[in-house]
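Participant: Mind looking over this structure? Questions follow.
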Amino acid sequence: MSLKLLFQLITTLIICTNITAATVLIDPGHGGEDCGAKAKVWKKKKLKVVCEKDIALSIAKKIKSYIEKNSSHSAYLTRLIDKTISLQKRSELADTIKADIFISIHLNASEIKSSHGFETYYLDNHDDVAIKKIENVENADSNIEKVIINQILASLVVERVAPSSKELGKLVHHQISNAIEKKYSMKDRGLKPGLFYVLALSKRPSILLEAAFLTNSKEAQKARTRKFQEQYSKAVATGIIKYLDKGKDPDLF
Ligand SMILES: [Zn+2]
């Protein structure tokens, strides 16, 4: 092989690697002092409180592992253990590791105990419904000031990443729906626009997943099982990989 040919081959390999390998930041919601939603479940004849933060961490770890085993992309977590971490710190980490996309994992809660199902939010600052969502518990963080809210609402960056967030949300939600809806008799609550600080501050295509309602006792039991968590995580990871692999086709970007 001539030197010129070898040089061309190496250059091609470097370019291909740069195009295909993306970085995913997975954010298990809550942690440490912040339990998130609470589920009351029976375990060994005793009523036990299960926290959203623990199920979210378990699901996030499974998504990371599936992405790494089944693609050339890298995946990182905003927290590896049960610890308190601010929404600001989570999103700053996206800059530190130069993440291409941001995925926040949560479990839902409602005062209406019968509420059930899974839903996917994509970052959007246009819709009135999305702006209402800013009051939601997932945004609860005393460090967030009103001035930041206004910055987010006016942010051109958020506006720029909103279409890619919707595309990412579509692919991931479709996979979740296929894997979970019939098998677990869970309601598909749909793909929705949402304005969450943690997504907006991350400044990249991002989605927030609500895997199930912990305030619904039947659904909480399902969400705690390893089988549900594995199947849910596999579906999310498959959707993420599909989104990232679309980047290989220059016509799509
Ligand atoms: Zn949450």
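Participant: Six or more apart or on different chains, Cβ atoms under 6 Å: show the pairs whose first residue is in the range 237-253 and farther than 17 Å from THR23 by Cβ and whose second is surrounded by 13 or more Cβ atoms within 10 Å (Cβ to Cβ) and modelled with pLDDT of 55 or more.
Facilitator: THR238/GLN175; LEU252/LYS246
Participant: Also, quick follow-up: I'd like the full set of residues that are within 21 Å of ARG226 (Cβ to Cβ) and surrounded by 22 or more Cβ atoms within 10 Å (Cβ to Cβ), limited to the range 65-78. Let's see the steps before the verdict.
Facilitator: Keep residues of the range 65-78 that are within 21 Å of ARG226 (Cβ to Cβ), which gives 65-70, 75, 77.
Matches in the range 65-78: ILE67, ALA75.
Participant: Out of all the residues in the range 63-79, which are more than 15 Å from the chain's Cα centre (by Cα) and either assigned to a loop (DSSP other than H, G, I, E, B) or of a type in the set (Lys, Arg) (or both)?
Facilitator: LYS69, SER71, SER72, HIS73
Participant: Among LEU195, LEU199, which is the only one that is closer than 17 Å to GLY239 by Cβ and crowded, with 20+ Cβ neighbours inside 10 Å? Walk me through it before giving the result.
Facilitator: Details: LEU195 fails: closer than 17 Å to GLY239 by Cβ.
Residue meeting the stated conditions: LEU199.
Participant: If you take the residues in the range 41-62 that are within 19 Å of GLU210 (Cβ to Cβ) and away from the ligand (no atom under 16 Å from the Cβ), which one is farthest from the chain's Cα centre (by Cα)? Working first, answer last.
Facilitator: So the first thing to find is which residues in the range 41-62 are within 19 Å of GLU210 (Cβ to Cβ), and the list is 41, 50-62.
Now narrow it down to the ones that are away from the ligand (no atom under 16 Å from the Cβ): 41, 61-62.
Values: VAL41: 25, LYS61: 12, LYS62: 12 Å.
Residue satisfying both the conditions and the ranking: VAL41.
Participant: Applying the selection to the range 172-206, what residues are of a type in the set (Gly, Ala, Ser) and out of contact with any Phe, Trp or Tyr (no Cβ under 6 Å at 6 or more places or on another chain)? Don't jump to the end; show me each part of the working.
Facilitator: Restricting attention to the range 172-206, the residues satisfying the condition of being of a type in the set (Gly, Ala, Ser) are 177, 179, 185, 190, 194, 200, 202, 206.
SER177, ALA179, SER185, GLY190, ALA200, listed by residue number.
Participant: Another one. Confirm whether LYS227 is surrounded by fewer than 24 Cβ atoms within 10 Å (Cβ to Cβ) and under 15 Å from ILE103 (Cα atoms). Steps first, please.
Facilitator: Numbers: surrounded by fewer than 24 Cβ atoms within 10 Å (Cβ to Cβ): yes; under 15 Å from ILE103 (Cα atoms): no.
It is false that LYS227 is surrounded by fewer than 24 Cβ atoms within 10 Å (Cβ to Cβ) and under 15 Å from ILE103 (Cα atoms).
Participant: Against the condition part of a helix (DSSP H, G or I), in contact with a helix residue (DSSP H, G or I) (Cβ under 8 Å, 6 or more places away or on another chain) and either of a type outside the set (Phe, Trp, Tyr) or surrounded by 15 or more Cβ atoms within 10 Å (Cβ to Cβ) (or both), how does SER91 come out, does it pass?
Facilitator: Numbers: part of a helix (DSSP H, G or I): yes; in contact with a helix residue (DSSP H, G or I) (Cβ under 8 Å, 6 or more places away or on another chain): yes; either of a type outside the set (Phe, Trp, Tyr) or surrounded by 15 or more Cβ atoms within 10 Å (Cβ to Cβ) (or both): yes.
For SER91, the condition - part of a helix (DSSP H, G or I), in contact with a helix residue (DSSP H, G or I) (Cβ under 8 Å, 6 or more places away or on another chain) and either of a type outside the set (Phe, Trp, Tyr) or surrounded by 15 or more Cβ atoms within 10 Å (Cβ to Cβ) (or both) - is met.
Participant: I need the full set of residues from the range 1-26 which are modelled with pLDDT of 90 or more and either in contact with a His (Cβ under 9 Å, 6 or more places away or on another chain) or loosely packed, with under 14 Cβ neighbours inside 10 Å (or both), in order please. Quick ask: steps written out before the conclusion?
Facilitator: Of the range 1-26, the ones modelled with pLDDT of 90 or more are 21-26.
Of everything in the range 1-26, those that are modelled with pLDDT of 90 or more and either in contact with a His (Cβ under 9 Å, 6 or more places away or on another chain) or loosely packed, with under 14 Cβ neighbours inside 10 Å (or both) turn out to be ALA21, ALA22, THR23, VAL24.
The values are calculated or read from the model by the stated rules, or taken from the named source; none is laboratory data. Small disclaimer: the values here were computed from a predicted structure and weren't measured. Note that we place each Cβ from the backbone using ideal geometry, even for glycine, and neighbour counts take in every protein chain shown.
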